[in-house]
Ligand code: G3I
């Protein structure tokens, strides 16, 4: 069974995956990645981030990002751009720099405009801002906020819109999948931006989950966003567990994948689902959470796990 074909069947959803440049040499991996019946969409996990695209002020390097963009084109897959403004994986000149408000807004504007313009016409949707709120709904105190308050947000969206008027422009974050202080902060932000004429089209639910710990009311929360006039995408889905894998954990993981997919399927306005890479071989999880992993629908040997079949059930 091919997941993107199944995703397209009822409501023209897409099913996609993140991928990263070093992985592209793995031929067994590529056989699955390049099949647009399996993945109708890809996202570069790292190569369009700020550290990769503007390592020194005003000097842009698109080589690795272009490799992913060209792959999507060749495979006839949608491309999600990730990302314009994020506190993490910044070059030192941004993360350790000191900026006046005027300076940081000019830096953000130049970065977003140049990045988005470079990929104009190739990107379905951009994560324009990524992870700008803390879990308690206050703004993250990063270099952008500390220098401009929240003014960098409209600047980034306006620059992205000018650079590619047809790309959908998203805010993207984790821990906003259920109703809570952080998802409320995003809903307020979306209302404010819309009132002020700032172009925002979508909200990305990253959806980095833990087996058996999906937040309740994801569907209601998705609907609350769509009522504000934005589309929703599940942008970075994975469901990690404390290792070792057991049949019980894998069975619960299958259910969790099914739940997330079926919610997107049920909510008009949820337009697709992306997993944050599809195989445990290349998952970010073990490198970040010691003792955890096995978060993906394919195992380290590129064999489908129960979660894969949960995805099928969720779409059907
Ligand atoms: O490039 C260096 C390489 O030279 C070095 O040898 C190697 C040794 O550790 O590190 C490489 O850098 C790694 C980088 O990915 C590129 O592969 C970093 O250590 C590693 O921390 C970094 O992880 C990325 C992570 O973002 C950073 O926070 C993951 O691959 C990437 O999947 C992950 O993606 C994020 C999304 O962008 C936003 N949402 C959360 C998601 C998961 O953390």
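No value in this document is a laboratory result; all are computed from the given coordinates. None of the values given here were measured: they were computed from a predicted structure. Virtual Cβ from ideal backbone geometry, glycine too; neighbours counted across all protein chains shown.
When you scan the range 187-196, do you find a residue that is within 16 Å of the ligand (Cβ to nearest atom) and either surrounded by fewer than 22 Cβ atoms within 10 Å (Cβ to Cβ) or without any contact (Cβ under 8 Å) to a residue 60 or more places away in the chain (or both), even just one? Working first, answer last.
Residues of the range 187-196 within 16 Å of the ligand (Cβ to nearest atom): none.
Scanning the range 187-196, I find no residue that is within 16 Å of the ligand (Cβ to nearest atom) and either surrounded by fewer than 22 Cβ atoms within 10 Å (Cβ to Cβ) or without any contact (Cβ under 8 Å) to a residue 60 or more places away in the chain (or both), so the answer is no.
Looking at (1) under 22 Å from residue 236 (Cβ atoms); (2) buried (at least 17 other Cβ atoms within 10 Å of the Cβ), which is the only condition residue 91 fails?
So the condition that residue 91 fails would be (1).
Quick test for you: out of 133, 209, 225, pick the one residue that is within 16 Å of the ligand (Cβ to nearest atom) and within 23 Å of residue 315 (Cα to Cα). Write out each step before concluding.
Working: 133 fails: within 23 Å of residue 315 (Cα to Cα); 225 fails: within 16 Å of the ligand (Cβ to nearest atom).
It is 209.
Hey, could you check the range 75-105 for residues that are more than 30 Å from residue 15 (Cβ to Cβ) and outside any helix (DSSP H, G or I) and say which is farthest from the ligand (Cβ to nearest atom)?
Our first condition is that a residue be more than 30 Å from residue 15 (Cβ to Cβ); within the range 75-105, this holds for 90-105.
Restricting the remaining residues to those that are outside any helix (DSSP H, G or I) gives 90-91, 96-100.
On the way: 90: 11, 91: 13, 96: 17, 97: 20, 98: 24, 99: 22, 100: 28 Å.
Looking at residues that are more than 30 Å from residue 15 (Cβ to Cβ) and outside any helix (DSSP H, G or I), I get 100.
Of all strands (runs of 3 or more DSSP E) completely enclosed by the range 158-219, which ones contain at least 1 residues that are in contact with a strand residue (DSSP E or B) (Cβ under 6 Å, 6 or more places away or on another chain) and more than 21 Å from residue 78 (Cα to Cα)?
Hits in the range 158-219: 208-210.
Only one of these conditions is not met by residue 272: (1) outside any strand (DSSP E or B); (2) more than 16 Å from the ligand (Cβ to nearest atom). Which number is it?
Tallying (1) outside any strand (DSSP E or B); (2) more than 16 Å from the ligand (Cβ to nearest atom), residue 272 fails exactly one: (1).
What helices (runs of 4 or more DSSP H), lying completely within the range 1-57, carry at least 2 residues that are more than 15 Å from the ligand (Cβ to nearest atom)? Before you say what the answer is, go through the steps one by one.
Numbers: elements: 3-11, 27-33, 50-53.
Because the criterion is at least 2 residues that are more than 15 Å from the ligand (Cβ to nearest atom), the helices (runs of 4 or more DSSP H) in the range 1-57 that meet it are 3-11, 27-33.
Given 44, 55, which one is buried (at least 21 other Cβ atoms within 10 Å of the Cβ), without any contact (Cβ under 8 Å) to a residue 40 or more places away in the chain and closer than 19 Å to residue 130 by Cβ?
Details: 55 fails: buried (at least 21 other Cβ atoms within 10 Å of the Cβ).
44 is the lone residue from the list that is buried (at least 21 other Cβ atoms within 10 Å of the Cβ), without any contact (Cβ under 8 Å) to a residue 40 or more places away in the chain and closer than 19 Å to residue 130 by Cβ.
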